[in-house]
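Written out below as C-alpha cells is the structure these notes cover.
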Amino acid sequence: MNRATNRNPRVNARVVVLPGDGIGPEVIAQAVPVLVRAAERHGCTVTVEEGLLGRVAYDACGNDLPDDTLAAATKADAILVGAVGEVDRRQAWFRGGPSLIRLRKELDLFANLRPVATVAPLADISPLRPEVAASVDMVIVRELSSGIYYGTPRGVHTETSPKSAVNTMTYSEDEVRRVARVAFEAARSRRRELVSVGKHNVLEVSMFWRDVVNEVAADYPDVVLRHEIVDAAAYRLVASPASYDVVLTANLFGDILSDVAAAAGGSLGMAPSASVGDSGPGLFEPVHGSAPDIAGTDSANPIGAILSAAMLADIALGLPEARGDINRAVSTVLADGLRTRDIAAGRARVVGCQEMGSAVLDALGNAGTA
C-alpha cells in the first residue's frame, strides 16, 4: 500500500512530528491536537512520535538530520513538519544538503502539492481584489526531487580567474512522467484542467518536459492540457488566478510560483503543503519559514500548519471527512473575527498562536459527531 496517498481509512496511524526551528514548535503544538481529534472523530487513533530536524538538531548533535529522525520518518505513516531554519551552508552542503531537502530525497518524495484557495472571511485582506481573491481555487504540483536543486555539476569555483559558479538543471523521462501523472490525477479529481508551466521557448529541459507531459496526456483524454511559459504564468497568477485549476511545473519554477500564488490567501502563514511519492510516508508542512524574528512571541499564525495536518488526514490517513472538518473549523473561527497579526484588518480581534489553535480545536469539537 502507498502510505503517502492512502485511499483506505486507517484505524491506527503513526505520525512522526518534527517541529523544527523558530516558530515551528509553536505552530505544530496547535496543529497536532487538531489532527488527533479530527482523526478520532472518524475512527482513527493517531500515535505521535516527536523528533529533531534542522538547526535545533544540529545544535543538539551536530547533525541537522539525525539518523534516528530519518529512521523514525521512514517507518511512519506520515510526517508533519513545523519549519526548518538555516545551518552553516558550507557544513550542510558538505554533508549532502540542508536537512529538509535531504529528508525529502531519502523518502523519495517527488511531488509537492500546494492547494491555493482564499478562505472567504479573508478575501478582503488579499492583495487581489476581493471578487478575484474569492474565486481562487487551484493546486500547484511541483516536481520536488530533481531539477536544478539536485543536478550536477554544481559549485563555486574560486581557483579560477575570473571566479565562477555553476548549477545544472536536468530531468529524466521517468522523473517527468511520474510527477505528471500526479498532476493529471489531481486534475481528474477536480475541474479536469491542467496547465504545464516551463520555459520551453528557451530551455531544452523545458522542451523535453513539454514533450513527455504530452505523452502522458494520452492516458488522460478527459483532462484538458495546455502549456504555458513561466513568465506568462507568473503574470496570470496575479491577474487572473481563478483561471487555473491544476498547475504542473519543475522544481525551481514551482518553488517561486507557489509562493506567488500563496499571496492570494493574504499570508504565507495560511498556506499548507504536502510532499508525496510512490511509496513510503508523505511529508506535510506549512509553506512559511522558521521566522526567527517572531519566535517565542506567540504571534505566529498556526493555520498553515493546521491545514497541513488536514491534508495529512486526507492523503495519508484516508480520511477526507476529517480534512473537511478541519477546514470548516478554520473557516468558522475566521468568520467569527479571530485573526493572528499577519492576517488582521479592520475590527478583527487579534489573538496569539495558542489562542488561535485553541479556537480551531474548540470549533472542531463543536462541529457535531461524525
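To the nearest 20 debye, what is the magnitude of the charge dipole of the chain about its Cα centre, counting +1 on the Cβ of each Lys and Arg and -1 on the Cβ of each Asp and Glu?
Values: 36 positive and 45 negative charges, 77 e Å.
Dipole magnitude for the chain comes out near 380 debye.
Cross-link partners among lysines for LYS105, C-alpha distance below 27 Å, same-chain residues fewer than 8 apart left out?
LYS75, LYS199
For a test of the definition: using alpha carbon positions, the gyration tensor, and the 1.5 limit on a/c, classify the chain as rounded, prolate or oblate.
Values: a/c = 1.41, a/b = 1.19, b/c = 1.18.
Since a/c stays below 1.5, the shape of the chain is classed as rounded.
Once the dipole of the chain is set up with Lys and Arg at +1 and Asp and Glu at -1 on Cβ about the Cα centre, which of ASN251, ALA60, TYR150 lies farthest towards its positive end?
The residue sitting most towards the positive pole is ASN251.
Whole-Hz ³J(HN,Hα) for each residue in segment 178-188, computed from phi via Karplus 6.51 cos²θ - 1.76 cosθ + 1.60 with θ = phi - 60°, x for glycine and proline: what do you get?
Coupling constants for segment 178-188: 5, 6, 4, 5, 4, 5, 5, 5, 4, 5, 4 Hz.
Could you work out the relative contact order of segment 127-265? I mean the mean sequence separation of Cα pairs under 8 Å and 6+ apart, divided by the number of residues, in percent. Mind dumping the intermediate values first?
Working: 218 pairs, mean separation 50.8, N = 139.
Here the relative contact order equals 37 percent.
Could the peptides 155-167, 353-365, 30-42 be put in order, highest first, of the mean number of other beta-carbon atoms found within 10 Å of their residues? Could the numbers behind the result be given before it?
Working: 155-167: 9.3, 353-365: 20.2, 30-42: 22.6.
The densest-packed peptide leads the list: 30-42, 353-365, 155-167.
Using the crude model of +1 on Lys and Arg Cβ and -1 on Asp and Glu Cβ, and no other charge, please compute the dipole size for segment 127-265 relative to its Cα centre, in debye to 20.
200
Expressed as a rounded percentage, what relative contact order does the chain have, with Cα pairs under 8 Å and six or more residues apart?
25
The numbers here are math on the coordinates, done by the rules we state, and not lab data. For clarity, every value in this text was computed on a predicted model and none was experimentally measured. Neighbour counts are summed over all protein chains in view; Cβ atoms, including those assigned to glycine, are modelled from backbone coordinates with ideal geometry.
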